[in-house]
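Read-outs throughout are calculated quantities, based only on the coordinates presented, and are distinct from any laboratory measurement. Computed from a predicted model, the values in this text were never measured in an experiment. Neighbour counts are summed over all protein chains in view; Cβ atoms, including those assigned to glycine, are modelled from backbone coordinates with ideal geometry.
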Amino acid sequence: MHKTGIALGLILAAGAAVTLPPWYSGTQLEGTLQAALERGNQQLREALPGQGASLELVALERGIFSSTARYRIAFGEAEGADGDPAELLFSDRIEHGPLPLSRLASFELAPVLAVSRFSLERSAAVTPWFAGAGGAVPLSGYLVLGYDDSVTGRVSLHPLELASDQGRLRFSGIDLALTLGAQAQTVQLSGGMDSLTFDFPRDGEVAQVRLSGLSLNSEHRLGASGFYVGGSRLALARVELLDADRPGLLVENFVQTDRIEEQGSRLSAALDYEVGSLGYGGKPLGSASLGLTLGNLDVAALQRLESWYKELLARMNEPQAQPVALTDSDERRLRDGLEALLAGKPSVSLDRLALRTASGESRFDLRVELDRPQSYELPPAELARQLIGRLEAHLVLGKPTIRDLMNFQASLDPDADQGAAALQAEEVAELAAMIATSMQVGRVEGEDIVSRLSYAGGQVDFNGQAMPAEEFVAMLAGMAPGSPLELMPGVVDGEGELAGLEEEAGEGYDLESVSEGGAPGGE
C-alpha cells in the first residue's frame, strides 16, 4: 500500500509537471496577445493616421496544451463590396510553452511562451485570392513567441494567378523570415520571390512586365533618437518590359540599398541604386548607378516635423465637408521645424549619377550644404546666398559614351548605314567638346569633357575661374537667351547658319539635326 501510494504520487506529480507549465503559459497568453495587438495598433495609427486601420482579437478558446484564436484586421477608410470597412480575418492555432510538442519533435529545446500557426480565413473580401490560389490558403505564417516578447518566424504568400479586365497576374509566391526583438527594439526581415508576371492591355495589344529573382534583406534597430536605424538591400535579377509594338526594355541585376545611421543628435540617410545591365530592343546599352545622401539631420527638428505631419495627415483624413487648410499654427510649426533643421546645417548629396557603356563612362555628382538664413523676406538672390552654405558639382561627359549612345541609337534602325553612323557619332562627340571649350563651360581632359563648380561665401570657382556669385549668375543669364552656338565666334554666320562646320564634319553628316537637338541623320 505504501509503495502504491508513492507510485500514485509520482504519477500525479508527473502529470502536474507536464500539464501545469503549458496551462500556466496559456493563462499568460491572452495578456501577451492583447499587449502585442495594442502595440500593433499604436504603430498602425502612427503609420496610417486617420485611416481607421486596426487589429483586434475576436475570440480565444484556451486549452491546456494549445489554444485557438481569431483576429480581425480592419481598414476603416477602404470600403468593401457591401459598404462596410474592408477586413481580413485570420485563424491561429497556438501551442503553449515552455516546450511545445512541435518544437520537441524537431529537437528545439529552448523554452518559449508559444508557437503560432496562423492562416487567412475565407471571406467575401478575399474570395478572389482563394480562387487564384486554386482553393488553397493564400497567406499563412509560423511564429515563435518568446517570454521576453520577442518574435521569430516566417510569413508566406503562396502562389497566385489572378485575372480581371485590368490584366492577368501570375505570382510564384514569397517567403519572408521575420525576427522582432523584445518590444520591437530590433527588426530583421529576409526572403525572396522567384517570379511575378503581369499582362495588361495597351493600345489594343497585350504588354507584359516580368520580375524574377527577388531577394530582400533588412536589419534595423530602434535608436536613441526614436527612429529606426540600420540598412536594407533589395535585389532583382531581371526586369523585363515587353510590348508588341515597341522594343522591349531589359534591366538585369538591379540592386537597391539604403542605410540610416545615428551619430549623437544627428541622423544621416543614404540610398543607392545599381543597374548591372540595361538593354533596349534586344541590344545591350550599358550599366547605371545612382546614389543619394542626406546628412547632418537634427533629430529634434525631425521629431517636431514628424509630429506636425502626422497631426496634419490625421486631420486631412477626417470626414469633413471642406478640404483641410493650413492654419496659422500649422504654418508656424512648419516654419519653426524647418528653421531648426536648417540651423543644424544639413547636407544633400547626389553622390553618383553614372552611365557606363562599352567604351566609357559619364557621371555627375553634386553636394549642397544648407544653412539657416537670417530672414526669409530677403530678395531671392540674397536668400539663396544665405541658404546655400557650400556647393560642389562635378560633371564628366565621356566622349566614348556619346559615341556609344549614338551608335546604339543607330543600331536600332535596321535601315541605318552603321559605318556612316559611327562616323557621325565620332564627329558629334568632337563637336560637343568644341562647344564646351568655346563656351568655357567645360574642359577637355583626355577623352572626357569635364566641368567643375564650387561655391562658398558668395564666391564661385567655375572651371578654375574665380568670380563673385552675381557675376556667375549674370554669365548664365547671358547664355540663356540664344542658342549656345551663337556664343561661339566664327561658328554662326550673320544669317544664323552654321558656318563651315558641315565641311569639317564630312559627307553624310546632318548638322541641322544636331543643331535642332535631334540625333544625326542618315546619309
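Looking across segment 441-466, the residues that are outside any loop (DSSP other than H, G, I, E, B), without any contact (Cβ under 8 Å) to a residue 24 or more places away in the chain and loosely packed, with under 14 Cβ neighbours inside 10 Å come down to E445, Q459, A466. Applying a threshold of 7 Å to beta carbon distances and a minimum spacing of six or more residues, or different chains, the list of pairs starting in segment 94-123 at a residue that is under 27 Å from V58 (Cβ atoms) and ending at one that is surrounded by fewer than 16 Cβ atoms within 10 Å (Cβ to Cβ) and of a type in the set (D, E, K, R) reads R117/R93. Only a single criterion out of (1) under 30 Å from G457 (Cα atoms); (2) out of contact with any helix residue (DSSP H, G or I) (no Cβ under 7 Å at 6 or more places or on another chain) is not satisfied by S289, namely (1). Taken over segment 414-440, the criterion of being β-branched (V, I, T) and without any contact (Cβ under 8 Å) to a residue 24 or more places away in the chain is satisfied by T437 alone. Only a single criterion out of (1) part of a strand (DSSP E or B); (2) more than 30 Å from L405 (Cβ to Cβ); (3) aliphatic (A, V, I, L, M) is not satisfied by A270, namely (2).
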